[in-house]
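Structure, as structure tokens:
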Amino acid sequence: MDQHNKIEQVELKYLSLYDFEALKEVFIEIYGDISDAYWKKSELKSLIDIFPEGQVVILVNGDIAGCAFSIIVDYDKISDKHTYDDIAGDVKFKNHDENGDMLYGIDIIIKKKYRGLKLGRRLYDYRKELTEQLNLKGIVFGGRIPNYYKFSSEISPKQYIQKVRTKEINDPVLNFQLANDFRPVRILSNYLEGDADSKEYAVLMQWDNIYYVKENPKPSVQKSEVRLGLVQWQMRSYRSLEELLHQVEYFVESLSGYRSDFALFPEFFNAPLMSKYNHLSEPDAIRELAKYTEPIKQKMAELSIAYNINIISGSMPEVIDQKLYNVGYLCKRDGSIERYEKIHVTPDEAKVWGMQRGSEFKVFDTDCGKIGILICYDVEFPELSRILAKEGMDILFVPFLTDTQNGFSRVKLCAQARAVENECYVAIAGSVGNLPKVHNMDIQYAQSAVFTPSDFAFPSDGVKAQTTPNTEMILIADVDLLALRELHNFGSVKNLKDIRNDLYSLQRKK
């Protein structure tokens, strides 16, 4: 297009039969003036009658610059070896199925003088939006490979596609489709009769709708918008277990009042109960503290049901077969309870308390998607969260306890890295204050937060929300799981998809 011609308006609108005469000029320019070669008025009428939303024209300054036509098909009923005539050769378009599951692109045309304005991208974007609105699985079409005739005596269509993808061969049509997130599915032979440039081959291209929801006769209870509630716990003296549980219920009730889906408590939030055992050695004192773990777990399980909230209990000491572990419990609002362990214990935990390393970690299924839980030091080992991400984790919860700002910074920075590299949300919650009457638990430093990946759909600094440092409070933040789905497929970078599995791998040991 002449760059001196000012573009005042670009408009997309539904196709009308009144557009036929203007479109006819476009058809003749592209297909030639043979009447059998271009779209007939009767064919356009059929398309408008059966599926008006699928037929659009694009105008530049009021002049028709291009068009896009499509129908809906039942993908399972399309032959793997179908041709263009099988799809569009019938003037009544009998393959159109309003109950189908895929949008089939029949044609996209851009007038030559308007090429270079990325109008084709606008038409593709419209098709994608339409596919999402209609809850279809995706878009398919047979894509021409117009430069194949130059190489057909040397390489197969499959080899040609690969060389186009690696930029060894330039194919303007296929390059454009790949740039618009379409992927090759299969080669179609004898697809478009008379297409000498493509040697009558085409590539079945497909775009997947990541928002597609398979129809289910049962209503779905899983949420895509999830509200996280974090407790920044103040360490203070408690005269009894009942007094501590009263404070626990206060926070649970507060978060439930804001309709939070999760309540996350910090690591060793129940440590104040150790004060009455300060006369004992550190290993004996924490084993006494472990006696409170079961009643706290049971109370949290009751609260999760009573307040309709999933509670992540932070962590508490637990003795099994005379061995001491750092564990926590996921108390779901459906009444079920699941256990998690600290896999990596710090040198101080091992030396002072004799804490043993756990051996089980997994992804937990909840009514708000798949979550992972790692206790404090565990988040500093990227292998754990990467395995959980491979198993479908959307949100990683990290209860922590750090005494100095140095220790907190390790947890914070590693948690932020986990959010970026695993394309997930990470919520961390810690304790503040001090316990002068409890050995090895003197001071605490914390700033609880919710971290996100760093891409356009998320905060640029990767921080969704954070508390005031060293202040008792709650933090509430909403996270969107669908934004993660979009990131996985269309992010500026694709940390999970671009892993070099051909060079290295990460897996659990049996």
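Could you tell me whether region 288-308 includes any residue that is of a type outside the set (Val, Ile, Thr) and part of a loop (DSSP other than H, G, I, E, B)?
Quick first cut of region 288-308, residues of a type outside the set (Val, Ile, Thr) only: 288-292, 294-295, 297-304, 306-308.
Applying the additional criterion that residues be part of a loop (DSSP other than H, G, I, E, B) yields 307-308.
Looking through region 288-308, at least one residue is of a type outside the set (Val, Ile, Thr) and part of a loop (DSSP other than H, G, I, E, B).
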### Task
Within region 75-91, count every residue that is surrounded by 12 or more Cβ atoms within 10 Å (Cβ to Cβ) and in a helix (DSSP H, G or I).
6
#### Entry: Pairs, first more than 20 Å from MET393 (Cα to Cα) and in contact (Cβ under 8 Å) with a residue 40 or more places away in the chain in region 350-363, second assigned to a loop (DSSP other than H, G, I, E, B) and of a type outside the set (A, V, I, L, M, F, W, C), C-beta under 7 Å, six or more apart
VAL352/ASN440
### Query
Out of region 420-475, which residues are in a loop (DSSP other than H, G, I, E, B), closer than 27 Å to HIS279 by Cβ and polar (S, T, N, Q)?
ASN440
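Could you say whether any residue in region 115-122 is of a type in the set (Gly, Ala, Ser) and under 29 Å from the mean Cα position of the chain (by Cα)?
To start, the set of residues in region 115-122 that are of a type in the set (Gly, Ala, Ser) comprises 116, 120.
With under 29 Å from the mean Cα position of the chain (by Cα) added as a condition, the list becomes 120.
The answer is yes, given that some residue of region 115-122 is of a type in the set (Gly, Ala, Ser) and under 29 Å from the mean Cα position of the chain (by Cα).
Regarding region 279-287, can at least one residue be identified that is assigned to a helix (DSSP H, G or I), over 21 Å from THR471 (Cα atoms), touching a residue at least 40 places away in the same chain (Cβ under 8 Å) and out of contact with any helix residue (DSSP H, G or I) (no Cβ under 8 Å at 6 or more places or on another chain)?
no
Surrounded by fewer than 19 Cβ atoms within 10 Å (Cβ to Cβ), touching a strand residue (DSSP E or B) at 6+ places or on another chain (Cβ under 8 Å) and in contact (Cβ under 8 Å) with a residue 40 or more places away in the chain, is that true of LEU188? Show your work before the answer.
Numbers: surrounded by fewer than 19 Cβ atoms within 10 Å (Cβ to Cβ): no; touching a strand residue (DSSP E or B) at 6+ places or on another chain (Cβ under 8 Å): yes; in contact (Cβ under 8 Å) with a residue 40 or more places away in the chain: yes.
In short, no.
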### Message
Can you find a residue that is on the phi < 0 side of the Ramachandran plot, surrounded by 19 or more Cβ atoms within 10 Å (Cβ to Cβ) and not assigned by TED's automatic domain parsing to the domain that holds GLN9 anywhere in region 113-120?
### Response
no
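Looking only at region 354-384, which residues are assigned to a helix (DSSP H, G or I) and surrounded by 22 or more Cβ atoms within 10 Å (Cβ to Cβ)? Quick ask: steps written out before the conclusion?
At the first step, the residues of region 354-384 found to be assigned to a helix (DSSP H, G or I) are 376-380, 382-384.
If the condition is that a residue be assigned to a helix (DSSP H, G or I) and surrounded by 22 or more Cβ atoms within 10 Å (Cβ to Cβ), then CYS376, TYR377, ASP378, VAL379 are the ones that fit.
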### Query
Which residue pairs have Cβ atoms under 6 Å apart, sit 6 or more places apart or on different chains, and have a first residue in region 25-53 that is acidic (Asp, Glu) and a second that is modelled with pLDDT under 90?
GLU43/VAL91
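Going by the conditions given, is ASP455 outside the structural domain of VAL248 (by TED's automatic domain parsing) and at negative phi?
No, not satisfied.
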#### Entry: Subset of region 291-341 that is closer than 15 Å to VAL252 by Cβ and surrounded by fewer than 17 Cβ atoms within 10 Å (Cβ to Cβ) - its residue that is farthest from the chain's Cα centre (by Cα)
GLN298
### Message
Restricting to region 5-30, count the residues that are β-branched (Val, Ile, Thr) and in contact with a Phe, Trp or Tyr (Cβ under 7 Å, 6 or more places away or on another chain).
### Response
1
### Number of the exception - LEU484 against (1) within 21 Å of SER260 (Cα to Cα); (2) modelled with pLDDT of 95 or more
(2)
### Query
Given the conditions (1) touching a helix residue (DSSP H, G or I) at 6+ places or on another chain (Cβ under 9 Å); (2) touching a residue at least 40 places away in the same chain (Cβ under 8 Å), and given that THR471 satisfies all but one, which numbered condition is not satisfied?
(1)
### Count of residues meeting criterion [in contact (Cβ under 8 Å) with a residue 24 or more places away in the chain and either over 12 Å from ALA202 (Cα atoms) or not β-branched (Val, Ile, Thr) (or both)] in region 141-156
9
#### Entry: Those residues of region 110-139 which are within 30 Å of ASN61 (Cα to Cα), touching a Phe, Trp or Tyr at 6+ places or on another chain (Cβ under 9 Å) and not β-branched (Val, Ile, Thr), in sequence order
GLY120, ARG121, TYR124, ARG127, LYS128, GLU132
### Task
For region 134-150, state whether one or more residues are hydroxyl-bearing (Ser, Thr, Tyr) and over 24 Å from CYS67 (Cβ atoms).
yes
### Message
Just to check your reading of the model, which residue among ASP80, ASP107 is among the charged types (D, E, K, R), touching a residue at least 60 places away in the same chain (Cβ under 8 Å) and in contact with a Phe, Trp or Tyr (Cβ under 9 Å, 6 or more places away or on another chain)?
### Response
ASP107
### Query
When region 128-172 is examined, which residues are found to be crowded, with 18+ Cβ neighbours inside 10 Å, more than 27 Å from the chain's Cα centre (by Cα) and part of a helix (DSSP H, G or I)?
TYR148, PRO157, TYR160, ILE161, VAL164
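Of all residues in region 233-257, how many are touching a strand residue (DSSP E or B) at 6+ places or on another chain (Cβ under 9 Å) and closer than 24 Å to GLY369 by Cβ? Write out each step before concluding.
Here is the first cut: in region 233-257, the ones touching a strand residue (DSSP E or B) at 6+ places or on another chain (Cβ under 9 Å) are 233-236, 247-248, 251-252, 254-256.
Among the residues that remain, those that are also closer than 24 Å to GLY369 by Cβ are: 251-252, 254-256.
Looking only at that region, the number is 5.
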### Residue check, LYS509 crowded, with 19+ Cβ neighbours inside 10 Å and free of Cβ contacts under 8 Å to residues at least 40 places away in the same chain
no
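Matching residues to (1) surrounded by fewer than 16 Cβ atoms within 10 Å (Cβ to Cβ); (2) within 24 Å of the chain's Cα centre (by Cα); (3) at pLDDT below 90; (4) not assigned by TED's automatic domain parsing to the domain that holds TYR377:
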{"position": "PRO399", "(1), (2), (3), (4)": "no, yes, no, no"}
{"position": "ASN422", "(1), (2), (3), (4)": "no, yes, no, no"}
{"position": "ILE476", "(1), (2), (3), (4)": "yes, yes, no, no"}
{"position": "ASN495", "(1), (2), (3), (4)": "no, yes, no, yes"}
#### Entry: Filter result for the condition that a residue is at negative phi and either among the small types (Gly, Ala, Ser) or over 16 Å from the mean Cα position of the chain (by Cα) (or both), over ARG410, ARG418
ARG410
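The values are calculated or read from the model by the stated rules, or taken from the named source; none is laboratory data. Here the structure is a predicted model, which means the values were calculated and not measured. Glycine also receives a Cβ, built like all others from the backbone with ideal geometry; neighbour counts cover every protein chain displayed.
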